[in-house]
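What follows is a set of notes on a single structure, which appears directly below.
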């Protein structure tokens, strides 16, 4: 039987994030608080890494991740994880790599259960920002891109 989900809350410049762990891997990042926090070694490390990221001292997360999603969605998540800090890609560029179209890439980005850590904010439309399903929408996407210096028109 799988372990229960444990959660921790992190106060960040884009709001309070709730990081959830199950079976030794991060499975979800969301905004707000759903319940009282738990203490685990992995969640403590997630808090440390998120603080370092928002302080500008961490460029790449090193946490075990297990995002829910279809095989295609997980391929898109892997593509997002391969985008270096401070860089962006378009939906079309990812679509070309996966032999599909931009719309399914956008849908997978919107379904990303581990935003910030799996950096869906680094995926842009060819004509601008594109969408962002996290709390705060475009404002949050802009804040994350500005933090990373990844979209020169926003710096």
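The values are calculated or read from the model by the stated rules, or taken from the named source; none is laboratory data. Just so it is clear, the model here is predicted, and its values are computed rather than measured. Here Cβ is always computed from backbone atoms with ideal geometry, including for glycine, and neighbour counts include all displayed protein chains.
For segment 45-69, what are the residues that are touching a residue at least 24 places away in the same chain (Cβ under 8 Å) and not in a helix (DSSP H, G or I)?
Answer for segment 45-69, where residues must be touching a residue at least 24 places away in the same chain (Cβ under 8 Å) and not in a helix (DSSP H, G or I): 56, 59, 60, 61, 63, 64, 65, 66, 67, 68, 69.
Within segment 124-133, is even one residue closer than 21 Å to residue 146 by Cβ, at pLDDT below 95 and within 12 Å of the chain's Cα centre (by Cα)?
Quick first cut of segment 124-133, residues closer than 21 Å to residue 146 by Cβ only: 124-133.
Add one more test, that the residue is at pLDDT below 95, and what stays is 124-133.
Checking the rest, the ones that are also within 12 Å of the chain's Cα centre (by Cα) come to 132-133.
Within segment 124-133 (the criterion being closer than 21 Å to residue 146 by Cβ, at pLDDT below 95 and within 12 Å of the chain's Cα centre (by Cα)), the answer is yes, since at least one residue qualifies.
Does residue 94 satisfy the criteria of being surrounded by 15 or more Cβ atoms within 10 Å (Cβ to Cβ) and either under 14 Å from the mean Cα position of the chain (by Cα) or under 23 Å from residue 9 (Cα atoms) (or both)?
On the way: surrounded by 15 or more Cβ atoms within 10 Å (Cβ to Cβ): yes; either under 14 Å from the mean Cα position of the chain (by Cα) or under 23 Å from residue 9 (Cα atoms) (or both): no.
So residue 94 does not fit the description; no.
Determine which member of the set 145, 124 is on the phi < 0 side of the Ramachandran plot, buried (at least 18 other Cβ atoms within 10 Å of the Cβ), in a helix (DSSP H, G or I) and not assigned by TED's automatic domain parsing to the domain that holds residue 11.
Working: 124 fails: in a helix (DSSP H, G or I).
Just one listed residue meets the conditions, 145.
Residue 57 - would you say it is farther than 17 Å from residue 144 by Cβ, surrounded by fewer than 18 Cβ atoms within 10 Å (Cβ to Cβ) and modelled with pLDDT of 95 or more? Steps first, please.
Working: farther than 17 Å from residue 144 by Cβ: no; surrounded by fewer than 18 Cβ atoms within 10 Å (Cβ to Cβ): yes; modelled with pLDDT of 95 or more: yes.
No: the conditions fail for residue 57.
Keeping to segment 92-121, report how many residues are assigned to a loop (DSSP other than H, G, I, E, B), touching a residue at least 40 places away in the same chain (Cβ under 8 Å) and within 16 Å of residue 74 (Cβ to Cβ).
Pass one, segment 92-121, residues assigned to a loop (DSSP other than H, G, I, E, B): 98-101, 112-119.
Now narrow it down to the ones that are touching a residue at least 40 places away in the same chain (Cβ under 8 Å): 112-118.
Okay, now just the ones that are also within 16 Å of residue 74 (Cβ to Cβ), so 112-115, 117-118.
Of the residues in that region, 6 qualify.
Tell me which residues, restricted to segment 130-142, are assigned to a loop (DSSP other than H, G, I, E, B) and touching a helix residue (DSSP H, G or I) at 6+ places or on another chain (Cβ under 6 Å).
132, 133, 134, listed by residue number.
On the given criteria, is residue 26 more than 17 Å from residue 147 (Cβ to Cβ), touching a helix residue (DSSP H, G or I) at 6+ places or on another chain (Cβ under 7 Å) and assigned by TED's automatic domain parsing to the domain that holds residue 11?
Answer is yes for this residue.
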